Ligand SMILES: NC(=O)c1ccc[n+]([C@@H]2O[C@H](COP(=O)([O-])OP(=O)(O)OC[C@H]3O[C@@H](n4cnc5c(N)ncnc54)[C@H](O)[C@@H]3O)[C@@H](O)[C@H]2O)c1
């Protein structure tokens with residue numbers, strides 16, 4: 001099934017779309033922060049002739065755990081739902097990952113739609129149907145593939161997005177710039193953010209339609225993610241920021257000098273602050289990174305991992321690297337990495 005991505009001019013038009021859904025029962029999962037900012041506009045009474053079951057999600061990433069998953073599922077089941085109920089997730093990537101996992105599993109799967117409210121979810125997390133919660137062993141290790149029916153993007157939500165979250169979203173935008181020349185061009189020319197969001201969302205949609213289960217071209221979207229997830233876990237930094245430093249790390253140890261120069265140019269064009277990696281002037285965490293990598297779900301063998309490298313803008317390829325090879329090069333580079341800044 002293909003997702004319909006639509007740009008919405010107002011929150012009212014989102015309520016209209018929910019009204020038009022072909023169901024009599026709507027399960028709403030709304031991010032706590034979104035509810036505190038927008039409950040006056042997202043008036044549930046505007047959803048007419050439908051039963052609305054509302055579940056407020058705790059702030060951000062905290063919700064992606066097995067206990068909240070069970071609580072929410074039991075809550076919806078107790079309220080009485082059926083196979084044609086439609087779930088609508090309103091929030092950032094954490095809410096859509098969590099709510100999408102409910103939609104994928106409850107009653108063996110119901111239809112669902114997303115209203116992404118963070119930059120990162122508009123350009124990335126809401127597209128492609130990967131849904132998941134976290135395990136004690138790592139991020140997103142319990143999940144499914146479940147395509148949403150609709151993604152309704154309304155950039156008005158960005159007015160209340162904290163700057164640190166905007167910078168995090170820009171980290172994923174920067175990733176797309178390496179994968180597609182037209183997105184790179186928009187970013188370097190400082191095009192309006194709405195145009196960049198549109199281009200990223202449609203680029204991801206194209207790749208995921210070609211390769212839904214990530215056996216080929218979709219893997220390139222993981223640029224910066226294997227190291228990024230490890231850095232997110234080790235330093236507790238926002239996802240997109242971790243992806244940016246994950247890209248820097250993979251380019252430093254396996255890429256070329258132009259990769260790093262492109263990162264600097266794009267960071268400036270996209271106004272992403274910060275020159276120091278999270279490991280700057282600290283002992284480089286090789287051991288922790290290696291432990292994390294071995295649990296990454298992107299590994300498809302016990303002793304190696306697929307890493308995404310970029311020869312030049314728009315020209316990404318997958319390279320299989322053994323853990324031994326990665327560990328050796330990290331060990332050899334640790335002193336240089338410790339002092340490295342962009
Ligand atoms: N499924 C995928 O393909 C995919 C891709 C990338 C990332 N992800 C996941 O997405 C998550 C990160 O998403 P995120 O960066 O959106 O983080 P998030 O959902 O945790 O949101 C970040 C913070 O911003 C707040 N927020 C969101 N929108 C807001 C708004 N408009 N106004 C004010 N506050 C707002 C949230 O409450 C939260 O505190 C991670 O869990 C990551 O694993 C999934």
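Readers should treat all values here as calculations from the given coordinates under stated rules, not as data from a laboratory. Only a predicted model underlies this, so the values are computations on that prediction, with no experimental measurement involved. Cβ placement follows ideal geometry from the backbone for every residue including glycine, while neighbour counts extend to all protein chains displayed.
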For this session: Within 10 Å of each residue's Cβ, count the other Cβ atoms and sort 127, 253 from fewest upward.
Result: 253, 127
Exercise. Given the options 52, 29, 95, which has the most mean-square fluctuation in a GNM of the chain, springs set between C-alpha atoms less than 10 angstrom apart?
Worked result: 52
Seminar exercise, completed: If each part is reduced to its alpha-carbon centroid, region 133-178 and region 188-237 end up apart, in Å, by 9
Seminar exercise, completed: Quick shape check on region 1-148: root eigenvalues a ≥ b ≥ c of the Cα gyration tensor, a/c under 1.5 is rounded, otherwise prolate if a/b tops b/c, else oblate, and it reads rounded
For this session: Work out, step by step, the length gained on full extension between residue 12 and residue 49: first 0.36 nm times the residue separation, then minus their alpha carbon distance; give nm to one decimal.
Result: 11.6 nm
Exercise. What does a probe at residue 195 reach in region 157-189, counting residues whose amide N is under 16 Å from the point 7 Å along Cα→Cβ?
Worked result: 177, 181-189
Seminar exercise, completed: Bridge orientation stat for region 4-159 from DSSP, antiparallel percent rounded to 5, came to 15
Problem set entry | Computed E for residue 213/residue 338 - FRET, C-beta separation, R0 51 angstrom, nearest 0.05 | 0.85
For this session: Return one number: the angle in degrees, 0 to 90 and rounded to the nearest 10, between the long axis of the Cα atoms of helix 225-235 and the longest principal axis of the Cα atoms of the chain.
Result: 90
For this session: Select from 238, 58, 162 the residue whose mean-square fluctuation is largest in a Gaussian network model of the chain (Cα-Cα springs shorter than 10 Å).
Result: 162
Problem set entry | Between 0 and 90°, nearest 10: helix 257-269 axis offset from the chain longest Cα axis | 40
Seminar exercise, completed: Over the chain, the sum of -39500 (n - 2.57) across DSSP H runs of at least four, divided by residue number and rounded to 500 deg cm²/dmol, gives at 222 nm -14000 deg cm²/dmol
Exercise. Would you list 239, 146 from fewest to most Cβ contacts within 10 Å?
Worked result: 146, 239
Exercise. Just for the chain, what percent of DSSP beta bridges are antiparallel, to the closest 5?
Worked result: 35
Exercise. Going by how many other Cβ atoms sit within 10 Å of their own, how do 112, 152 line up, fewest first?
Worked result: 152, 112
